[in-house]
1. I'd like the GluC sites (Glu not before Pro) in the stretch 221-276 restricted to DSSP loop residues with at most 12 other Cβ atoms within 10 Å, sorted by number.
2. Once you have a ≥ b ≥ c as the square roots of the Cα gyration tensor eigenvalues for the stretch 166-272, tell me rounded if a/c is under 1.5, and otherwise prolate or oblate according to whether a/b is larger than b/c.
3. Restricting to Cα pairs below 8 Å that are 6+ residues apart, what does the relative contact order work out to for the chain? Please round to a whole percent.
4. For the stretch 1-26 and the stretch 224-303, write down the distance between their C-alpha centroids in whole Å.
5. Which residue fluctuates most in the GNM of the chain (Cα springs below 10 Å): T216, T77, T180?
6. Applying the Karplus parametrisation 6.51 cos²θ - 1.76 cosθ + 1.60 with θ = phi - 60° to the phi angles of the stretch 209-218, what ³J(HN,Hα) value in whole Hz is obtained for each residue in order, glycine and proline being reported as x?
7. Sorted by mean Cβ packing within 10 Å, highest first, what order do the peptides 244-257, 3-16 take?
8. Let a ≥ b ≥ c be the square roots of the eigenvalues of the Cα gyration tensor of the stretch 1-78; is it rounded (a/c under 1.5), or, if not, prolate (a/b larger than b/c) or oblate?
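Only the coordinates and a few stated rules stand behind these numbers; no lab work does. Small disclaimer: the values here were computed from a predicted structure and weren't measured. Heads up, the Cβs are rebuilt from the backbone with ideal geometry, glycines too, and the neighbour counts pull from every protein chain shown.
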Amino acid sequence: MRHFLTLSDMSPDELQWIIQRAIELKAMHRRGEVYEPLKNRVLGMIFEKSSTRTRVSFEAGMAQLGGSAIFLSPRDTQLGRGEPIEDSARVLSRMVDVVMIRTFEHADIELFAQYSQVPVINALTDDYHPCQLLADMQTYQEHRGSIQGKTVAWIGDGNNMCQSYIRAAIQFDFRLRIATPEGFEPDADIVADAGDRVELVSTPAEAVKGAHLVATDVWASMGQEDEQQERMKKFSAFQVSPALLDLADKDVVFMHCLPAHRGEEVSEDLLDDPRAVVWDEAENRLHAQKALLEFLLCQEEDS
């Protein structure tokens, strides 16, 4: 049994298999092929943070693979009423075949996985968002080929997406430059793990110089709404625009995990720029997660 809590839970070869398999599953889906390896399998989806893309992509993905999914909000579970995480893990994992959790504290999902009898997938915590990185890496490969040896620029908050890009730099072997306002850097220990693959710089222009992929995220994530005004002031010089992309490699692509706040972290016109691949990136959440589910649930049958 395997869990997927960060990209580090898979080897580089396994991650590349998932990316390639996602591309294959996407092609099969577009050809209208029926492929149902997860028939009669059930995904339990625990949401303590709201979502559009995560819920729809996992629920649709399970349906397309022949299985089903159960949506559980804090109102629908005893977790929301104070049941210990380990008790919920023991019970739920006896009833479903795989659990997806979108929550706040990363330690909570680690504790759940420790007591679960089935694979647990991190669909976002305050520290990491590994499923999004699968989609991002798939999207880059579809548009530009292998990302190995390339340069990636992260602009904005040193949040869970930034820290997932750091893990990706290690696992997919690319260089990452991170530009954040002072005081909003990613966790120092996570940066240290990446060694010389990651460089912290002070301005977006430094980060994007010659970059092959530029990525950003909202300036205030869920749970930080009360910081919105303060963050807008401190992040005002960290907006990504077509003019900023002009400083990057001529074949640069731009990504954003969405939803985007036009006029804040991205200029009003950026998502319409031909270098932006955000709609493919959003769709690929579906296909990358289908490949992940297949990997986690079918590996014992294949071995």
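1. Details: sites: E225, E227, E230, E264, E265, E268; in loops: E264, E265, E268.
Hits after loop and neighbour filter: E268.
2. Details: a/c = 1.75, a/b = 1.14, b/c = 1.53.
Taking the square roots of the gyration eigenvalues as a ≥ b ≥ c, the stretch 166-272 is oblate.
3. For the chain, the relative contact order is 20 percent.
4. The two parts, judged by their Cα centres, are 19 Å apart.
5. Result for the chain, Cα springs under 10 Å: T77 fluctuates most.
6. Listing the rounded values in order: 4, x, 6, 9, 9, 10, 9, 8, 8, 4 Hz.
7. On the way: 244-257: 19.6, 3-16: 17.4.
For the peptides 244-257, 3-16, the packing ranking is 244-257, 3-16.
8. Values: a/c = 1.98, a/b = 1.26, b/c = 1.57.
Oblate, since a/c reaches 1.5 and b/c is not below a/b.
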